[in-house]
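Undergrad: One structure, pasted below without further comment.
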Amino acid sequence: MIGVIISFIISLTVAKVIIYTGEVHSQLTLDHDLSGIQKMHETPVPRVGGVAIFVSLVFTALYSANTGAVWSGFYAGLITALFFVFIGGLTEDLSKAVSPLVRISFMLFAVLYAVYVSHSMPLIRHMGEYNLNYILSFDAMAIAITCFAVIGISNAYNIIDGFNGLSTTAGIINIVGLAYLSAMVGDTTLLFVSLSLVAAILGFLVFNYPKGKIFLGDGGSYSLGFMISLISLNLTETYHHQISPYAILLLAVYPFTETVFSIVRRKFVHKTRAMAPDNLHLHQLIFDRCLPRSLPLIRRNSGVMPIMLLFIMPQLFMVMLYYYSNTIMLLGLLSYVVLYVYIYMRLIRFKVPRWLVVKKS
């Protein structure tokens, strides 16, 4: 518990230092582009909040090693793998000129390092069905699927990082689910990693929501997705007889669905590049269609996350109740995708459901 508290304090402190010293490093760290298609803020803001989370996790790893905690070796291994993801994203935050291919290369190296060097991430071998498991018994297929899954989730949390508190709150809810599963199977190492990660995010969130004094940045959002992937794979592979692999996917279904739907929409509907930025994500439609335009921008920005909880919270409770059932978890995934597409089509056609509309108070 002390380690978890330390994670929160270090993250909170580093985030505050970044904000306090903003004028010193403003040319490097501030997001000066206020007119971009996905920009929802009025003043330049530091976009290196991931530094606070990463430094917090590093400090917690060192604390664990210093106290001889049983999870210290595993924690050190995952931090060394995380470094490559974080540094790739941070370089983009500072330079604003790193191509998606380069960032993906950093993530790919991090996955291979975690699997073969630090041994902090297992390959995906179990999908709850005999034929799929047989295919994944071949190393080449397991490596390809693992890299695809981890890089996909890492990018997914970056895609939903557009409004104050959205990506981090979605991440916290996902990790709370992973912490619950860790407790159910009695894995104290993964439980501690999950709780310390939640604490580190909360330290950042104090300054990010609702006023948006600091942003997560690519370094932070990629790191968040990578850590969630790492914890998830350790749970589903180590305890595949107790936890459905689809329970892990259901916890991350919101960013996963957003990413897949966006790629399909761009590629086949709008005929643009799959990774081209636009302002047609679900959370952006919520901002545009469901919140009064007469509200100040900061209030509209911070109003998106509470509405999006309707698309994030239900699956957490479903996983807590039925995490052992492949059938129920698959039904949950199907139901979510149907609901997402239905709501998205209503919003894009300006037929907003009344229960999503926020009236000005």
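Undergrad: Residues of region 225-241 being in contact with a Ser or Thr (Cβ under 9 Å, 6 or more places away or on another chain) and of a type in the set (Gly, Ala, Ser), which ones?
TA: Passing the criteria: GLY225, SER229.
Undergrad: Kindly indicate whether SER35 is among the polar types (S, T, N, Q) and at pLDDT below 90.
TA: When the stated conditions are applied, SER35 passes them.
Undergrad: Which of the residues belonging to region 178-224 are farther than 13 Å from GLY50 by Cα and among the acidic types (Asp, Glu)?
TA: The answer is ASP187, and nothing else.
Undergrad: Take region 311-330 and flag every residue that is surrounded by 13 or more Cβ atoms within 10 Å (Cβ to Cβ) and either more than 21 Å from LEU178 (Cβ to Cβ) or hydroxyl-bearing (Ser, Thr, Tyr) (or both).
TA: Passing the criteria: TYR322, TYR323, TYR324, SER325.
Undergrad: Here is a follow-up. What do you reckon, is ALA156 over 22 Å from ALA247 (Cα atoms), touching a helix residue (DSSP H, G or I) at 6+ places or on another chain (Cβ under 7 Å) and in contact (Cβ under 8 Å) with a residue 12 or more places away in the chain?
TA: So ALA156 fails the test.
Undergrad: If you don't mind, there's one more thing I want to ask. Which pairs turn up if I take residues in region 194-214 that are closer than 10 Å to GLY165 by Cα and in contact (Cβ under 8 Å) with a residue 60 or more places away in the chain and look for partners that are in a loop (DSSP other than H, G, I, E, B) and basic (Lys, Arg) with beta carbon separation below 6 Å, at least 6 apart in sequence or on another chain?
TA: Going by the 6 Å Cβ cut-off, the qualifying pairs are PHE207/LYS213.
Undergrad: Then there's this: Could you grab me the full set of residues in region 61-89 that are closer than 29 Å to CYS147 by Cβ and among the polar types (S, T, N, Q)?
TA: Selection gives SER64, SER72, THR80.
Undergrad: Could you please find all residues in region 74-120 being in a loop (DSSP other than H, G, I, E, B) and within 30 Å of SER26 (Cα to Cα)?
TA: Scanning region 74-120 gives LYS96, ALA97, VAL98, SER99.
Undergrad: Scan (1) within 25 Å of SER7 (Cβ to Cβ); (2) part of a loop (DSSP other than H, G, I, E, B) for the single condition LEU123 breaks and write down its number.
TA: (1)
Undergrad: Would you mind finding the one in SER335, SER302 that is among the small types (Gly, Ala, Ser), surrounded by 14 or more Cβ atoms within 10 Å (Cβ to Cβ) and either under 19 Å from the mean Cα position of the chain (by Cα) or over 20 Å from ILE173 (Cβ atoms) (or both)?
TA: SER302
Undergrad: Enumerate the pairs (first residue in region 1-30 and outside any helix (DSSP H, G or I); second residue anywhere and surrounded by 18 or more Cβ atoms within 10 Å (Cβ to Cβ)) with beta-carbon separation below 7 Å, excluding pairs fewer than 6 apart on the same chain, so at least 6 apart or on different chains.
TA: Short answer, once both residue conditions are applied: GLY22/PRO46; LEU30/VAL45; LEU30/PRO46.
Undergrad: Any chance region 127-136 includes a residue that's in a loop (DSSP other than H, G, I, E, B), among the small types (Gly, Ala, Ser) and surrounded by fewer than 23 Cβ atoms within 10 Å (Cβ to Cβ)?
TA: Yes, region 127-136 has at least one match.
Undergrad: Among the residues of region 319-332, are any under 21 Å from ARG265 (Cβ atoms), within 18 Å of the chain's Cα centre (by Cα) and part of a helix (DSSP H, G or I)?
TA: no
Undergrad: Looking at LEU28, LEU12, LEU90, which one is more than 25 Å from HIS283 (Cα to Cα), at pLDDT 90 or above and not hydroxyl-bearing (Ser, Thr, Tyr)?
TA: LEU12
This table checks each residue for (1) in contact with a helix residue (DSSP H, G or I) (Cβ under 6 Å, 6 or more places away or on another chain); (2) surrounded by fewer than 20 Cβ atoms within 10 Å (Cβ to Cβ); (3) not small (Gly, Ala, Ser).
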residue: ALA65; (1), (2), (3): yes, yes, no
residue: GLY68; (1), (2), (3): no, yes, no
residue: ALA76; (1), (2), (3): yes, yes, no
residue: THR80; (1), (2), (3): no, yes, yes
residue: VAL102; (1), (2), (3): no, yes, yes
residue: SER105; (1), (2), (3): no, yes, no
residue: VAL117; (1), (2), (3): no, yes, yes
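Undergrad: Do we have VAL304 as touching a residue at least 40 places away in the same chain (Cβ under 8 Å), touching a helix residue (DSSP H, G or I) at 6+ places or on another chain (Cβ under 6 Å) and not in a helix (DSSP H, G or I) here?
TA: No; evaluated as a whole, the condition is false for this residue.
Residue by residue, here is whether (1) in contact with a strand residue (DSSP E or B) (Cβ under 6 Å, 6 or more places away or on another chain); (2) within 21 Å of GLN284 (Cβ to Cβ); (3) of a type in the set (Gly, Ala, Ser); (4) surrounded by fewer than 20 Cβ atoms within 10 Å (Cβ to Cβ) holds:
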position	(1), (2), (3), (4)
PHE148	no, no, no, yes
ALA170	no, yes, yes, no
VAL185	no, no, no, yes
THR189	no, no, no, yes
PRO210	no, yes, no, yes
PHE215	yes, yes, no, no
GLY220	no, yes, yes, no
LEU230	no, no, no, no
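The values are calculated or read from the model by the stated rules, or taken from the named source; none is laboratory data. These figures come from a predicted structure and were not determined experimentally. Virtual Cβ from ideal backbone geometry, glycine too; neighbours counted across all protein chains shown.
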